[in-house]
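The structure under discussion appears below in the form of structure tokens.
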Amino acid sequence: MNRFPSLRRASRRSALFACALLAQYWLAPAAFAYTRDFILPASGGCPVVERQNFAIGAAPLPIQWSTSLPNLNPPAILTAAAPGTAAQLAEIGSTIAQTYAIWTGVSGTLVNASSYPNALAPLAITSTQNACSSDPVNGIPNNVDGIDTICFNQSSSAFTTGVLSFTRIVVANAPSQSFGSAPASIFAGQIVDADIYFRNDGQATFATPAALSSNPGAYDLESLLAHELGHLFGLDHSGVWRAIMFPYAPPPGSFLATRPTASAPDAPLSDDDRAGLRSLYPDPADTIDIGWISGRVLPANPFALADFPATSAGEYVTGIFGAQVVAVDASSGSVIAATLGGWTCDPANPPAQFDGSYTLGPLPVGHSYVIYAEPFVGLVQASDIAGAFAGVCATGASPSCTVPAVNTNFVPRVRP
Ligand SMILES: [Zn+2]
């Protein structure tokens, strides 16, 4: 079975990962969370979340796509308009713009066009073929330009078997860091470049929504791009079935979510996707999605913990590490959000403590939620979420810590 590859990180000055969308599994795993990635600042302290700079007043994020298309027969990008025409490029461009609108259509975030209309710059185009960063040399990608670019005609060694598309992200771990020609970072954890690559070697074809039904062997461009844009905004994979951030693409010829409409541009997303975006870029004016539930997942007997007391220096395991904690709307039964439990960090007393802590949200207020925790023993395995913990500790950091193994050796019980 294909699984998404482990996130790869490189260098003390940057974090780089290629999040790949693989063909094609669409089975029901145990529900789990939207996930975010963390990086330890160069100055030490506690891990910080990786995200774009969407602070109010920040320069709009420059976004573009390359009009260079692979010269394949049959074409890799299938459109209702004839290949090689201006109408074809217009159709692809409008599909991309509509897909951005899926994410900017989420209410309660600073990426939302109505609450903060200048988060994204207008979608630009470039005729340059290799407009995305090239493969890393010594851990750092070349040609980092700070423009988040979509490329349909750029080769990469990251296109291993089954990889349809991926997003390469460069993250600063301190302010004032420079990468290539990108503007210097403002804060630790800032995504300074995020480029999206589609496979261009004839192993897969991608169709716009207008062309999908007549090309049942092609993958839906909109759903794959919506997934990669989630990475661009800083989300990692989710195990929630039908979440856009689920790591496997829908089968060729299908789009299993609801197509966006003018009145519901974010219709393809799950509530878990929306909660993830709101957690990264909360709109201070939002009065609805402001609920948080926190707690700890603890074994009935602390001596049941494999690492209690700690078995290696710097490891402080006092709770269940790596449980999935899920919030279900008590009246509708829907999964609203889920999170990875396991650690917390006191800025006054770093490093991270692996005490089973979780913080779940943001959740819409005015609802009742049922919370449950479960181990990673389903389709999605503990190794699939290792990337979400990879940046919690860092080599050479002081004080040091060691990320423990994800605990799958527990049985949740429902309290009567
Ligand atoms: Zn992905």
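None of the figures in this text is laboratory data; all of them are computed from the coordinates on show. For clarity, every value in this text was computed on a predicted model and none was experimentally measured.
Could you pull out every whole DSSP H run in the chain that spans at least 15 Å of Cα extent along its own axis and averages 0.0 or higher on the Kyte-Doolittle scale? Before the final figure, lay out each step's value.
Values: long enough: 86-104 (27 Å, 0.54); 221-233 (18 Å, 0.69).
Length and hydropathy pass: 86-104, 221-233.
Principal axis lengths of region 225-371 from Cα atoms, whole Å, largest first?
55, 37, 30
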